[in-house]
Amino acid sequence: MIYSGSMLLVVAPSGAGKSSLVNALLKNDPTLQLSISCTTRAPRPGEENGREYNFLTREEFIARRDEGDFLEWAEVHGNFYGTSRSWLEGQMTHGKDVILDIDWQGARHIQRLIPQAICIFILPPSLKTLEDRLRKRGQDDEQTIQKRVAAAHEELTHLAEANYLVINDLFEAALFELRQIVSASRLRTIQQLARHTDLTKDLSGTDLGGA
């Protein structure tokens, strides 16, 4: 199926600055829609349904999963997490661009189902910088930091699967490059044909929207 909107999958090892870049990108581009995952875990204090997550009962999640509504899903520590296919396709069908903050396994699976999706890998300038950033966050003990660094080694072996690589050394430079990728995605022929079917049909005499 051809969508007039783009799907951007942003992948990075923990500490690379992915969430900060995605939040800044969304703040500066209100036309982008952030994909909100579904989960069966209970809301934490301050969380709102539809903002941090779409909170579902276990029965609701399983029913939607069995109906094929999740592009990808996983069970983590006894709770289900999933990405709604119907919501994403609805957004892109209506010309909205969606962005997913996701791990590389999820990105790989989604690209198999929706080849139109664009995968962007955020890299730290070095593993030492990554480790330093993890320490400065002050969220993890030393053992957890070392586990995250080890996981980063594994994740970075999948760089070649991404369509774009952005090195987050200087934050503003990395953000600028992300904006350029979003702009380029909107000008891809597949998107432009889907958005401007009347124009292309008038100019060519042929309906190219489903090309």
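Data overview
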{"quantity": "Residue that is outside any helix (DSSP H, G or I), out of contact with any His (no Cβ under 9 Å at 6 or more places or on another chain), over 13 Å from Gly15 (Cα atoms) and touching a residue at least 24 places away in the same chain (Cβ under 8 Å), where the choices are Gly106, Gly95", "calculated": "Gly95"}
{"quantity": "Meets criteria (crowded, with 17+ Cβ neighbours inside 10 Å, farther than 11 Å from Ile120 by Cβ and acidic (Asp, Glu)) for Glu155", "calculated": "yes"}
{"quantity": "Top-ranked residue in the range 45-91 [being open to solvent by 50 Å² or more (accessible area, probe 1.4 Å) and among the hydroxyl-bearing types (Ser, Thr, Tyr); ranked as farthest from Gly106 (Cα to Cα)]", "calculated": "Thr57"}
{"quantity": "Residue list for the range 109-139, filter: in contact with a helix residue (DSSP H, G or I) (Cβ under 7 Å, 6 or more places away or on another chain) and open to solvent by less than 40 Å² (accessible area, probe 1.4 Å)", "calculated": "Gln116, Ala117, Ile118, Cys119, Ile120, Phe121, Ile122, Pro124, Leu130, Leu134"}
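Condition check ((1) of a type in the set (A, V, I, L, M, F, W, C); (2) more than 24 Å from the chain's Cα centre (by Cα); (3) over 26 Å from Lys96 (Cα atoms); (4) at pLDDT below 85) across all residues:
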| residue | (1), (2), (3), (4) |
| --- | --- |
| Glu142 | no, yes, yes, no |
| Ala151 | yes, no, yes, no |
| Thr157 | no, no, yes, no |
| Val166 | yes, no, no, no |
| Ala173 | yes, no, no, no |
| Ile181 | yes, no, no, no |
| Arg195 | no, no, no, yes |
| Asp207 | no, yes, no, yes |
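The values are calculated or read from the model by the stated rules, or taken from the named source; none is laboratory data. Computed from a prediction, not measured in an experiment: that's the story for all the values here. A quick note on method: Cβ atoms are made from the backbone with ideal geometry, for glycine too, and the neighbour counts reach across all protein chains shown. Ligands, DNA and RNA are stripped out before the accessible areas are found, and what is left, the full protein with its side chains, is counted by its heavy atoms. Shrake-Rupley method; radii C 1.70, N 1.55, O 1.52, S 1.80 Å.
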